[in-house]
Amino acid sequence: MGQKASPLSIGIAPMQPLRVGIAGLGTVGAAVLKLLDRQAAALALRYGRKIVVTGVSAKESRKERGLDVSRFAWFDDPAELAAADIDLFVELIGGAAGTALTAVERALSTGKSVVTANKALLARHGMRLAELAETKGVALGFEASVAGGIPIIKTLREALPGNSLSRVYGILNGTCNYILSRMEIEHLSFAECLAEAQRLGYAEADPSFDIGGEDTAHKLAILTSLAFGTRIDPDAIAIEGIKDISLADIEAASELGYRIKLLGVAERTSAGIEQRVHPTMVPRSSAIAQVMGVTNAVTIDADAVHELTLSGPGAGGLATASSVVADIVDIAKGARLPPFGLPVAALAPLEQAPLQMHEGGYYIRLSVYDRPGAAAAIAMRMAERSISLESIMQRRRPGERKPAAVPVVLITHATYEKLIREALAAVMADGFVAEPPQLIRIERE
Ligand code: HSE
């Protein structure tokens, strides 16, 4: 397929223009084209190199996108665009395999730099792709892959060289945070809030990736590597989603001074690197608890800066496109840093800390038969394992007739996951509880 000159060019510079091919013209791809158009004058002033989109690829050429794409050379096959006469291939197709992987591999192996927003691709193949980029002396940019418009990749890779990091954690999925926020504020069901998130375009094509925690896990895998200089291991992440969080949990959390957030947490412990994604109770007064709706936030615990929190839009076309454009501009300026901060050969293998060794406080909601000895038996099972209770709450709503089982909520002081699991198995065996317990980890500030 032939190429024609594009009218989308930025700057008047002595350097050769950077020729860009963009594959995937969905919400983000279209927004990247809009931003490059909109920022043309400012980019020209600041960076002095033309950025020229020379070709595009998408499933449908005639789809209405609010843009004239007839001015770009059209490629039905993204891999063909990747191999064309371009300097930089922008992959906004999505998915860990298939077309996206083939096209990115083709681009890198033919000596093109790549910018991608594809967290699943990086979590699965990031090490191999980074190695390929290093071998070919090209760049691999993925700022848009984590937390949409927040420059968290650049911060971890470039801004904290004087620090040793101990923990990085955050709200990395706008859909889940939107759902949990709306459930709390408007007392709506999980299903109603999910439908609204999909309508607003926050959710992935398959929303089970959002609510099941996989999307957060993909992003966390990338952050862990950058934070701790380790190889990515997406299978070393413990994952729980939000589908079992009920209004009862959200309201109990609120009464006890907490809020529930889906967090991705990577932490250096004496047992190795702990990586976990799960609904988490955070103190209502904490910075992370204030983050509502589709907003994302990432907190970095580091020895020199102590604590750094970045928050901003985690999803949406323009916000994500802002990060894509930042990578494009870095590449136009000649940046060729190792994608994960260190050459791939220098990244350490990830030593995984077992979740059973996780140490922290826990929220437990039990459905308890209201009879003598029930509370004492539960307390005893905790005490046998030296688990100390911070609070205990049993409540029947006013006017309610005596139900067969009542909700009992416990908050524990810090203990080990292994001990909590053992205590709850013993509580179940005692026969005082009607349903499997709800267990939510508490994250310290
Ligand atoms: N579905 C994702 C989210 C979009 O809700 O955060 C950005 O990765």
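The values are calculated or read from the model by the stated rules, or taken from the named source; none is laboratory data. Owing to the predicted nature of the structure, the values given are computational and were not obtained by experimental measurement. Note: ideal-geometry Cβ built from the backbone for every residue, glycine included; neighbour counts use all protein chains shown. For the accessible areas, the whole protein counts, side chains as well, though only heavy atoms, and no ligand, DNA or RNA atoms are used. Shrake-Rupley method; radii C 1.70, N 1.55, O 1.52, S 1.80 Å.
I need the full set of residues from the stretch 194-204 which are surrounded by fewer than 20 Cβ atoms within 10 Å (Cβ to Cβ) and assigned to a helix (DSSP H, G or I), in order please. Those that are surrounded by fewer than 20 Cβ atoms within 10 Å (Cβ to Cβ) and assigned to a helix (DSSP H, G or I): A195, E196, Q198, R199. Would you check which residues across the stretch 328-376 are open to solvent by 40 Å² or more (accessible area, probe 1.4 Å) and among the hydroxyl-bearing types (S, T, Y) and list them? Answer for the stretch 328-376, where residues must be open to solvent by 40 Å² or more (accessible area, probe 1.4 Å) and among the hydroxyl-bearing types (S, T, Y): just Y369.
Identify the residue in the stretch 145-175 that is of a type in the set (S, T, N, Q) and open to solvent by 10 Å² or more (accessible area, probe 1.4 Å) and, among all such residues, is farthest from the ligand (Cβ to nearest atom). Taking the candidates together, the pick is S164. Among the conditions (1) under 20 Å from the mean Cα position of the chain (by Cα); (2) under 27 Å from N163 (Cα atoms), A271 misses just one, which is (1). Residue-level analysis places R401 among those that are open to solvent by 30 Å² or more (accessible area, probe 1.4 Å), modelled with pLDDT under 95 and over 19 Å from M357 (Cα atoms). When the stretch 309-333 is filtered for residues that are more than 13 Å from the ligand (Cβ to nearest atom) and part of a loop (DSSP other than H, G, I, E, B), only K333 remains.
Of all the residues in the stretch 205-229, those that are outside any helix (DSSP H, G or I), buried (at least 24 other Cβ atoms within 10 Å of the Cβ) and either touching a Phe, Trp or Tyr at 6+ places or on another chain (Cβ under 9 Å) or not assigned by TED's automatic domain parsing to the domain that holds I260 (or both) number 0.
So that you can scan it fast, the table gives a plain yes or no per residue for (1) open to solvent by less than 20 Å² (accessible area, probe 1.4 Å); (2) within 16 Å of the ligand (Cβ to nearest atom); (3) hydroxyl-bearing (S, T, Y); (4) assigned to a strand (DSSP E or B):
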{"position": "L263", "(1), (2), (3), (4)": "yes, yes, no, yes"}
{"position": "E267", "(1), (2), (3), (4)": "no, no, no, yes"}
{"position": "E274", "(1), (2), (3), (4)": "yes, no, no, yes"}
{"position": "S285", "(1), (2), (3), (4)": "no, no, yes, no"}
{"position": "A289", "(1), (2), (3), (4)": "yes, no, no, no"}
{"position": "V298", "(1), (2), (3), (4)": "yes, yes, no, yes"}
{"position": "A304", "(1), (2), (3), (4)": "no, no, no, no"}
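Which is acidic (D, E) and either in contact with a Lys or Arg (Cβ under 6 Å, 6 or more places away or on another chain) or farther than 26 Å from M281 by Cβ (or both), of E390, E417, E351, E445? Residue meeting the stated conditions: E351. Between A238, A221, the distinction of being under 19 Å from the mean Cα position of the chain (by Cα), closer than 26 Å to A302 by Cβ and more than 15 Å from the ligand (Cβ to nearest atom) belongs to A238 only.
Residue by residue, here is whether (1) surrounded by fewer than 16 Cβ atoms within 10 Å (Cβ to Cβ); (2) of a type in the set (G, A, S) holds:
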{"residue": "S388", "(1), (2)": "yes, yes"}
{"residue": "V408", "(1), (2)": "no, no"}
{"residue": "Y416", "(1), (2)": "no, no"}
{"residue": "L424", "(1), (2)": "no, no"}
{"residue": "D430", "(1), (2)": "yes, no"}
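The condition of being assigned to a helix (DSSP H, G or I) and exposed (fewer than 12 other Cβ atoms within 10 Å of the Cβ) does not hold for A379. Set side by side, the residues I387, I378, I411 differ, and just one is closer than 22 Å to H278 by Cβ and touching a helix residue (DSSP H, G or I) at 6+ places or on another chain (Cβ under 7 Å), which is I387. A single entry from I420, I392 fulfils the requirement of being at pLDDT 90 or above, farther than 27 Å from E274 by Cα and within 38 Å of the chain's Cα centre (by Cα): I392. In the stretch 18-38, the residues that are without any contact (Cβ under 8 Å) to a residue 40 or more places away in the chain form Cβ pairs under 9 Å with partners that are surrounded by fewer than 23 Cβ atoms within 10 Å (Cβ to Cβ), at six or more places apart or across chains, as follows: L33/L8; L33/R65; L33/L67; L33/V69; D37/L8; D37/L67.
Listed by position, the helices (runs of 4 or more DSSP H) inside the stretch 42-144 whose residues that are over 26 Å from the mean Cα position of the chain (by Cα), crowded, with 21+ Cβ neighbours inside 10 Å and touching a residue at least 60 places away in the same chain (Cβ under 8 Å) number at least 1 are 78-83.
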